[in-house]
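Student: Would you mind keeping the following structure in view while I ask a few things?
The values are calculated or read from the model by the stated rules, or taken from the named source; none is laboratory data. Everything numeric here is computed off the predicted structure, so don't read it as measured data. Positions of Cβ are backbone-derived with ideal geometry, glycine not excepted, and every protein chain shown enters the neighbour counts.
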Amino acid sequence: MSAFNPPATPYEPYPALPRQPRKEPLKVLCLGLSRTGTMSTWTALNKLGFPCYHMVECNLNKLHGNSFRLWRSAIEAKYYNGKGRKLVTADDFDELLWRYQAVTDIPTVLFADELIAAYPDAKVILTERDVEGSMKSMENSFYQILSWKIWWFLELTDWQHTRQYLPLLRYPIDIWTKGDPENRDKLRQGFHEYNAHIKSVVPKERLLVFHPRDGWEPFCKHLGVPVPDEPFPKVNEGDFVADLHSNVIVKWRIMMVLTGFAKKSVPVVVAGLAVWACWLMLKKW
């Protein structure tokens, strides 16, 4: 099994470059929902030479801190309030995706129909697994992460990152359950309905329904590229996502917040918050 090593960490974000002209077209739309092997396909696409956008990229490709805000605003415009800038055309999406040739997982799957229409020449891959397996994985990732009490502290003190980032975790469940995020039956139904929808709107010659256990052969055949001489990536198992948030994102943001308070010379506040944050760490949030 391939061990997942992120290409960078939040401590080493990509250079915050302004939008540039796209050098390569967006070639692959991997539109499976979260917890269906999207991290494995993200790794595979990068190995094949298709720079791929994934939720991980939101933490690395900061666009001067605006990528979270842009995605959040677009999600709210489409699903909630109808206000703000919507993502519809390739030009709209390229503000966020100009340096990528592929996409997978949230937040992009929340705009599946728009992406399919905006990039008509892109191949579509629908990662699909047993829905009950996805439900178990959702419990160990999204639901576990969102239950942490530490988010209250970070939402209060970390406006630039956490306050913009958390909705990108909350909104998908709310959308897939049609506004009833604690209802697991509605989540199951949402997964089934989404998969059926993608199969109904994408022409068969453009679509590959895929599970990582299928391996490189169908994946590479669909994309028209050679098959690598190594196993298909198998990453993001078990509690990986929760561990990533715990060991990287949350601890990193706590450190940034406390450092910010220290620079502003608020020693009593820093000491109190540091003790409380450390207690939460020991209590696993």
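Student: Can you tell me how many residues within the stretch 81-116 are on the phi < 0 side of the Ramachandran plot, without any contact (Cβ under 8 Å) to a residue 40 or more places away in the chain and not β-branched (Val, Ile, Thr)?
Tutor: 9
Student: A further question follows. Within the stretch 12-37, track down each residue that is of a type outside the set (D, E, K, R) and either touching a His at 6+ places or on another chain (Cβ under 7 Å) or at pLDDT 90 or above (or both).
Tutor: 16, 25, 26, 28, 29, 30, 31, 32, 33, 34, 36, 37
Student: Report every pair of residues separated by at least 6 positions or lying on different chains whose Cβ atoms are under 7 Å apart, first residue within the stretch 25-49 and closer than 14 Å to residue 210 by Cα and part of a helix (DSSP H, G or I), second of a type in the set (A, V, I, L, M) and modelled with pLDDT of 90 or more.
Tutor: Note: pairs meeting the criteria are 41/125; 45/28; 45/102.
Student: Report whether or not residue 90 is surrounded by 17 or more Cβ atoms within 10 Å (Cβ to Cβ) and within 24 Å of residue 225 (Cα to Cα).
Tutor: For residue 90, the condition - surrounded by 17 or more Cβ atoms within 10 Å (Cβ to Cβ) and within 24 Å of residue 225 (Cα to Cα) - is not met.
Student: Counting just the residues of the stretch 145-187 that are touching a Gly at 6+ places or on another chain (Cβ under 9 Å) and hydroxyl-bearing (Ser, Thr, Tyr), which one comes out modelled with the lowest pLDDT?
Tutor: Looking at the filtered set, the residue picked out is 157.
Student: Would you confirm, using the coordinates I've provided, whether residue 106 is part of a loop (DSSP other than H, G, I, E, B) and surrounded by 19 or more Cβ atoms within 10 Å (Cβ to Cβ)?
Tutor: yes
Student: Exactly one of these conditions fails for residue 146: (1) of a type outside the set (Phe, Trp, Tyr); (2) in contact with a Ser or Thr (Cβ under 6 Å, 6 or more places away or on another chain); (3) over 24 Å from residue 202 (Cβ atoms). Give me its number.
Tutor: That leaves (2) as the condition not met.
Student: Of the conditions (1) closer than 25 Å to residue 129 by Cβ; (2) modelled with pLDDT of 80 or more; (3) of a type in the set (A, V, I, L, M, F, W, C), residue 56 clears all except one; give me its number.
Tutor: It is condition (2) that residue 56 fails.
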